[in-house]
Structures are given as C-alpha cells and as structure tokens.
Amino acid sequence: MVFRKDTSGAVKSFDSASMTHQTGSLQGHLLVAHPQIDDGRFARAVIVMCQHDDKSAMGVVINHRAARMNLGKLYATLDIGAPRFCADQPVHIGGPVESNRGFVLHSQDHMLPGSLPVTHEIGLTSSIEILRDITNGTGPTHSIVSLGCAGWHAGQLEDELAANVWLSMPATSDLVFRDDTSDIWKDAYRLLGVDPVHFVSDTGSA
C-alpha cells in the first residue's frame with residue numbers, strides 16, 4: 001500500500017492541469033450507481049468525481065468500507081508508527097484502479113502543497129503527510145481515507161452515462177462527509193427525486 005511521501009503532486013497518474021473545471025465536466029459531481037448494476041465493485045456505489053475531461057476521468061468511491069481495516073491497521077501495514085488520534089477511522093475501497101495507492105478526500109480547511117481542489121469545499125490529497133496530519137489532530141476537519149480509485153479512459157464514462165449506468169448530481173460537503181455513509185446511496189436517490197425500486201433500465205454493467 002502506497003501513499004506518496006512527498007507533497008509535490010497529489011495525483012501524479014492524472015494530469016493536474018485537467019483538474020480545472022470544463023464545460024460538460026463532471027468534476028465535483030457525484031456518480032450514483034444504477035440499482036441493477038452487476039459489477040460488485042460498484043454495487044450501490046457513490047463516487048466523488050475528481051477529474052473528468054475528454055481524455056480520462058477519475059473518481060473515488062466513498063461508501064465502500066474496507067473489511068477489518070482502519071487507520072490504526074493501515075499505519076501498521078505501512079509501518080509508520082501508531083496514530084495519536086483517529087485510529088478507529090475507517091478506510092474505504094475507493095475503486096479497483098491503483099488499489100495499493102492511497103487517496104484522501106477532505107475538507108479544504110487543510111490543503112497541502114500537492115492537494116488538488118475538487119470543488120470549492122472538497123480537496124484531494126495522496127501524500128502520506130495528510131495521514132500524519134489527520135492522526136496528529138492537525139489535519140482537515142473532515143476526511144475520507146481510501147485505497148484505490150475508479151478510472152475511465154476517453155469516452156468510456158460518457159458511454160456508461162448514456163447507458164444509464166450512473167446518475168449524477170453535484171457533490172456537497174454535507175453529503176460527502178456525513179458521519180455514516182452507509183445510506184448515502186439511498187439518500188442520493190431521494191435528493192434526485194428518484195425511487196430506485198422503480199428505476200428501470202436495460203443497463204447491466206459498469
């Protein structure tokens with residue numbers, strides 16, 4: 001498992017210039033999975049979109065917790081000592097891409113030099129320094145620590161959207177950083193005014 005040990009670039013696999021908002025970009029939105037999606041990695045997933053342009057897209061699933069993993073156990077795995085605070089904070093499975101790499105979505109009250117703004121409220125950082133700040137009690141007020149992310153190549157996400165694999169809505173700090181994300185999928189549908197029980201489509205996979 002790898003968190004970057006420097007702060008010069010939070011998401012080096014993705015072009016930081018492409019993080020700027022563009023017309024038609026879903027950066028700063030939530031993707032909400034179709035109820036009948038048959039890919040277990042994205043079943044009832046809610047994804048914060050961190051980058052989206054005509055070349056690629058990247059996001060982080062925020063409601064799939066890693067089994068038997070928290071920050072205390074992650075520290076032990078990384079062999080970086082023991083956290084002073086937040087040892088019980090859960091670790092999430094952010095997606096199947098770069099599954100050994102860490103990504104932290106967090107409130108923008110604590111941005112590092114390599115942090116990238118996702119919205120005016122939410123930032124993304126992948127350096128190990130953000131973990132140390134969180135567990136030292138000096139980090140952001142809100143954070144979601146994840147391993148891995150979700151990624152799409154050019155045109156792939158647009159095809160999935162056209163096939164109704166995902167619904168989208170603006171991401172808000174209140175929704176993303178709620179205390180319990182287990183019901184966020186249902187609440188996202190409620191906010192969209194859609195009952196997932198009656199959501200019918202021919203979609204089958206992501």
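Read the figures in this text as sums done on the coordinates, not as results from a lab. Everything quoted here is computed from the prediction, not taken from an experiment. Cβ: placed from backbone, ideal geometry, glycine included. Neighbour counts: every protein chain shown.
Ranked by how many other Cβ atoms sit within 10 Å of their own Cβ, fewest first, the residues 173, 115 fall in the order 173, 115. Per residue of the chain, the DSSP helices (runs of n ≥ 4 H) give a summed -39500 (n - 2.57) that works out to -4500 deg cm²/dmol at 222 nm. Placing one identical point scatterer on every Cα of the chain and ignoring solvent, what is log10 I(q)/I(0) from the Debye formula at q = 0.13, 0.15 Å⁻¹? These q points yield log10 I(q)/I(0) values of -0.67, -0.90. Summing charges over neighbours of residue 120, with a neighbour being any other residue whose Cβ is under 14 Å away from its Cβ, gives -3 when K and R count +1 and D and E count -1.
By other beta-carbon atoms within 10 Å, ranking 64, 110 with the fewest at the front produces 110, 64.
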